[in-house]
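Comments concern the structure below.
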Amino acid sequence: MVQIIFWEVLHMNEIEKNKYHETKTHSSAEFLFNTYPCSIPIDFPSVPLHWHNDMELIVIKHGSAKVTLNLTTHQLSAGDILVVLPENLHSIDCAIGDKLEYENIIFKKELLSFATNDITMSKYLTPFFNGDFPIVTHVHMGYSFYSHFVKIINTMDVLCDKKEFGYQLAIKSCLLELIHIMIRHPPKTEVNKKSEKSVDKIKEILTYMEQHYNEEIPIEKIADICHYSPSHFMKFFKNHMGTSFIKYLNDFRLIKARTRLLTTEDTVLEIAGDCGFNNLSHFNRLYKNKYGITPSMTREM
């Protein structure tokens, strides 16, 4: 399955990225765990809808966030935590003019692998990562386990900062303890989840868009992929994404174009065409509406 990651910052080269944010990295090929601070809009304007194979914890430090998780919207405040399981669709945004600061904790589920005949894998960890257990995904002060949950996260931060001998073992222990808390404290009310079918449809649409954004994508074509009529597709996409498919596609193309402008010497005309814009005037107008400057001015940054 193609994984769609729309983060503009992920497509920047290291020089451009470091102008905005000094990344705090604690991962390596030998230890599949990473934690780092993020800020919207300083590091990037938002984190559009994407998914990946990793487990993620989003810890709000300052400000408030509008977060979408599997097409369900959550409002998070300072101190709140969002739990994102592998393959979950999610996005992060904040109100215009606001500033959001949060900690991102990401680790691969393989970090907590045990022998296949180990009951901790078959009975707990595999079902947990597959989303088979009902869990609280928006952790806040209203839950009895909140203080314990936060204490463990703070412990992991200290462990990563000090990096004392054996800290990787302690972090694994902390992660297992967090999972234990989650499976022992399921939601008291039924979780309002969008159907898996809708989530899979959106993933299918985004995957196709990622692979063909440089081509013309008629509504009829993308609707046919979803086995919908054009009118039903447009309604489905708008209901779940909060915007039209055309606007979403154009925004994605603009992100790709901006990355090319910042990281290559290709001409504006070449970039516009390669990113699916056959009309240069139309591209310039959309680009300025989104970023407040022209493509040529971006080149001069």
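Odds and ends about this structure:
- Of all residues in segment 102-117 being of a type outside the set (Ser, Thr, Tyr) and over 17 Å from residue 52 (Cβ atoms), the one that is surrounded by the fewest Cβ atoms within 10 Å (Cβ to Cβ): 117
- You will find that of 167, 124, 228, the residue that is out of contact with any Cys (no Cβ under 8 Å at 6 or more places or on another chain), aromatic (Phe, Trp, Tyr) and outside the structural domain of residue 272 (by TED's automatic domain parsing) is 124 and no other.
- Considering the conditions (1) part of a helix (DSSP H, G or I); (2) closer than 29 Å to residue 220 by Cα, residue 296 is excluded by exactly one of them, (2).
- Flag if residue 195 is more than 15 Å from residue 133 (Cα to Cα), without any contact (Cβ under 8 Å) to a residue 12 or more places away in the chain, surrounded by fewer than 12 Cβ atoms within 10 Å (Cβ to Cβ) and among the hydroxyl-bearing types (Ser, Thr, Tyr): yes
- Residue match in segment 178-198 (condition: among the hydrophobic types (A, V, I, L, M, F, W, C) and at pLDDT below 95): yes
- Unmet requirement for residue 124, which otherwise passes all of (1) of a type in the set (Ser, Thr, Tyr); (2) under 25 Å from residue 203 (Cα atoms); (3) at pLDDT 95 or above: (2)
- Segment 126-183, subset in contact (Cβ under 8 Å) with a residue 12 or more places away in the chain and hydroxyl-bearing (Ser, Thr, Tyr), residue nearest to residue 72 (Cα to Cα): 137
- Candidates 221, 235, 256, 247 - the one that is more than 30 Å from residue 140 (Cα to Cα), in contact (Cβ under 8 Å) with a residue 12 or more places away in the chain and of a type in the set (Lys, Arg): 256
The values are calculated or read from the model by the stated rules, or taken from the named source; none is laboratory data. Computed from a predicted structure; not experimentally measured. For neighbour counting, all protein chains shown are included, and Cβ atoms are generated from backbone atoms with ideal geometry for every residue, glycine included.
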